[in-house]
Structure formats: structure tokens, C-alpha cells
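Report on the following structure.
The values are calculated or read from the model by the stated rules, or taken from the named source; none is laboratory data. Note that this is a predicted model, so its numbers are computed, not measured. Backbone-built Cβ (ideal geometry, glycine too); neighbour counts: all protein chains shown. Just the protein is used for accessible areas: all its heavy atoms, side chains included, with ligands, DNA and RNA removed. Shrake-Rupley method; radii C 1.70, N 1.55, O 1.52, S 1.80 Å.
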Amino acid sequence: MAVKIPKKIGHRGAAGHAPENTLASIRKAANLGARWVEFDVMLSHDGIPILMHDSTLNRTTNGKGPISAQSLNDLRTLDAGSWFDESFADEPIPTLAETLLLAEALGLGCNVEIKPAPETSEETAKAVIEVVNSSQIPFSIIMSSFSETVIGTLHKYLFDTPRGLLVNKVPEDWHSKLQKWDCFSLHCNHKHLSQEQANTIKSADYHLLCYTVNDPERAALLFNWGVDSIFSDYPDRV
Ligand code: G3P
Ligand code: MG
């Protein structure tokens, strides 16, 4: 379960420079020198893992309503680029499978963040596991989720792939949770992390990753505290 992660990971690709969670954003991250990218994965109505952060289409596409109500074919007709800039018009919503292929071609490691719609945690995790297994891509990958059901499912069915528990604030019982699911890492919101917490987590020998850090001074401070990696919308800046 060993994986080597770089100090900066492109967030949603390179979300500061290109429409988040698109292949254009992944390519941009690689062009800017990122060696790893993070992206968010949800299920279409017909159970296909696709890249999307929000549970509805409203903010990042020209569609409306919940992602989980639309089939992959319907989602494929949408424009996921124009909201960011006209130069990205008609950029499609990518599937997880094609994103992994692109990442492999670009030599990028991936943090696949699984974002299940309510009541679909296990189903979403299993669909992602199927894609990851069938892609047979021998490259670096970490799976993460805010959903403990997802982490538990990954622990059960994809044991050899490193898992990261995602949290906003570091919870009191972080250590027992990481032990329970044999996690590789804890991913937290840097805004709520203290130096003392960072020390304790690092002393327990876990990898510590922080999102979303776009300020180089803040990044330097976090690295000084022992944080291993940061997620940034501007991987060129930090
Ligand atoms: O995976 C780190 C970070 O992306 C978690 O928060 O809301 O940006 O997916 P969010
Ligand atoms: Mg994310």
C-alpha cells in the first residue's frame, strides 16, 4: 500500500485555470508541472462514475438538477466549460475511466475523491472500484471520501489501494478511524488544522494532506508543521 505523493496536488485538476473536473483541467495541471491531481467522482443515473463536485449540474454546466437523475448519454450532451470561460465551450463531463487513461498518458498520479449522492455510498464506491480494477493501470492512486461508508467499502473490496479519510475539522477520534479502515492518510481543511494536531497526526505516522491551499505563504507554514501535501487550484503558485 506504499505510494509516494508529491507536496502539491492539483485540485479538481487545476481549478484556478480551467473548468474543474474536466479533462482540460487535468491537462492544464500537467502543463503547469503538477505530478498528481485530485478530482471528484459521482454516479450518473445509470451508475457510471463521472467527474463532478456538486450534486447538481447548475453551477458547472449548462444543465440543471441532480446529476443522479441523468444518464451518461444525457450528461454527455452538456457543456461543462463555458461557465468558466468561453474558450472552454463544449468541454464535456468526463467519465472516471477516460480520466484515468488521460492521467496515465500524462504520467499523473490521482487522488480519486468519491462523492456519493445520499443513500448511494456503497453503490458509488463499488462502481468506482470496478472502473479502477478494470482499468488495470499500474500508476499511483489514492482513494478518498468524506463518506465513512465509502471508506469502509474500499477497505473491504479494494484493500491494496491506499485510502485517505477526508474531514473538514480533524475529529477527536481521528486515530481510531484511521486504524479501523487501515488508512494511509488524513485529508483535512487547512483552515481548521492546528500545529499541535499536525504534530500528533505525523507522530502517529500517517500522511497528512490539506485542502485547498492557494496562498504560497500558507503552504510554507503548513509544510513547516509537517503537512505532507496540499491540494491547490493553482499548482503553479504554491
Ligand atoms: O479532496 C480534497 C478536497 O477536494 C475536498 O473538498 O469540496 O473541494 O471536494 P472538496
Ligand atoms: Mg474534492
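Observations
- Check on Ala97, in contact (Cβ under 8 Å) with a residue 40 or more places away in the chain and within 16 Å of ligand 2 (Cβ to nearest atom): no
- Unmet requirement for Gly81, which otherwise passes all of (1) surrounded by 22 or more Cβ atoms within 10 Å (Cβ to Cβ); (2) away from ligand 2 (no atom under 16 Å from the Cβ); (3) without any contact (Cβ under 8 Å) to a residue 60 or more places away in the chain; (4) not hydrophobic (A, V, I, L, M, F, W, C): (3)
- Scanning segment 173-183 for any residue that is within 17 Å of Val112 (Cα to Cα) and out of contact with any Asp or Glu (no Cβ under 9 Å at 6 or more places or on another chain) turns up at least one such residue.
- Of the residues screened, Ser87 is one that is part of a helix (DSSP H, G or I) and open to solvent by 30 Å² or more (accessible area, probe 1.4 Å).
- Among the residues of segment 93-108, those identified as open to solvent by 10 Å² or more (accessible area, probe 1.4 Å) and in a helix (DSSP H, G or I) are Ala97, Glu98, Leu101, Leu102, Glu104, Ala105, Leu106.
- The listed residue being farther than 21 Å from Ile141 by Cβ, at pLDDT 95 or above and among the β-branched types (Val, Ile, Thr), out of Thr77, Thr99, Thr95: Thr77
- The strands (runs of 3 or more DSSP E) located wholly in segment 1-58 include none with 2 or more residues which are more than 11 Å from the chain's Cα centre (by Cα), crowded, with 20+ Cβ neighbours inside 10 Å and away from ligand 1 (no atom under 15 Å from the Cβ).
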